[in-house]
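Colleague: This is the structure, below, for whatever I ask next.
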Amino acid sequence: MNEGGAVFTYPILATSIVVTTYFVKALRNKLKRNGLTKLIASYGWFVFAWGSLGSAFGLIVAFDTLKTKTISTLTAQQLAGGFRMVLISSLLAAFVFSLSRIYIVILNTTENKRN
């Protein structure tokens with residue numbers, strides 16, 4: 001988790017827990033399902049934006065490293081580490097965003113079957 005940038009990956013992980021908690025609450029409480037579905041959607045979009053921000057920040061760090069180092073002192077491991085940070089935060093955010101969208105589809109499907 002630290003390799004993806006702790007500032008970005010830990011909030012994404014916490015958001016996945018919150019989204020899953022709201023999903024379980026929505027399944028149990030049919031009266032508040034609409035509001036919880038909106039919250040899940042909001043958290044999903046937030047995590048998508050947060051992951052994109054993490055990717056942009058990681059790219060800035062990687063390119064800044066390229067700028068400050070000469071070709072002779074730059075190693076492939078340093079460059080790969082910067083790009084790895086970008087990919088980890090993006091991939092984790094995309095996973096949590098997809099999870100939130102799957103939860104919404106399940107909630108909407110169960111709501112439609114009830115009616």
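The values are calculated or read from the model by the stated rules, or taken from the named source; none is laboratory data. The shown structure was predicted, so the numbers you read here are calculated from the model rather than taken from an experiment. Counting neighbours? That spans all protein chains shown, and the Cβs are built from the backbone with ideal geometry, glycine included. Accessible surface is based on the protein model in full, side chains and every heavy atom, while ligands, DNA and RNA are left aside. Shrake-Rupley method; radii C 1.70, N 1.55, O 1.52, S 1.80 Å.
Colleague: Can you confirm whether Ala49 is under 9 Å from the mean Cα position of the chain (by Cα) and loosely packed, with under 14 Cβ neighbours inside 10 Å?
Modeller: For Ala49, the condition - under 9 Å from the mean Cα position of the chain (by Cα) and loosely packed, with under 14 Cβ neighbours inside 10 Å - is met.
Colleague: I've got another one for you. How many residues are at pLDDT 80 or above and open to solvent by less than 80 Å² (accessible area, probe 1.4 Å) when one looks only at the range 84-107?
Modeller: Total meeting the criteria: 16.
Colleague: Which of the residues that make up the range 77-115 are free of Cβ contacts under 8 Å to residues at least 60 places away in the same chain and over 24 Å from Ser52 (Cβ atoms)?
Modeller: Passing the criteria: Gln77, Thr109, Asn112, Lys113, Asn115.
Colleague: What are the residues in the range 2-22 that are touching a helix residue (DSSP H, G or I) at 6+ places or on another chain (Cβ under 7 Å), among the aromatic types (Phe, Trp, Tyr) and either under 20 Å from Lys38 (Cβ atoms) or open to solvent by 50 Å² or more (accessible area, probe 1.4 Å) (or both), if any?
Modeller: Tyr22
Colleague: Just to check your reading of the model, which residue among Ala62, Ala80 is farther than 18 Å from Leu107 by Cα, open to solvent by less than 50 Å² (accessible area, probe 1.4 Å), assigned to a helix (DSSP H, G or I) and out of contact with any strand residue (DSSP E or B) (no Cβ under 6 Å at 6 or more places or on another chain)?
Modeller: Only one candidate qualifies: Ala62.
Colleague: Does any residue of the range 35-49 turn out to be over 21 Å from Ala94 (Cα atoms) and assigned to a helix (DSSP H, G or I)?
Modeller: yes
Colleague: Going by the conditions given, is Leu74 assigned to a loop (DSSP other than H, G, I, E, B), surrounded by 13 or more Cβ atoms within 10 Å (Cβ to Cβ) and without any contact (Cβ under 8 Å) to a residue 40 or more places away in the chain?
Modeller: Criteria met by Leu74.
Colleague: Right, next: Condition check: over 20 Å from Asn2 (Cβ atoms), open to solvent by less than 70 Å² (accessible area, probe 1.4 Å) and in a helix (DSSP H, G or I). Does Gly54 satisfy that?
Modeller: no
Colleague: Could you tell me whether Lys38 is among the charged types (D, E, K, R) and either touching a residue at least 12 places away in the same chain (Cβ under 8 Å) or closer than 14 Å to Thr9 by Cα (or both)?
Modeller: no
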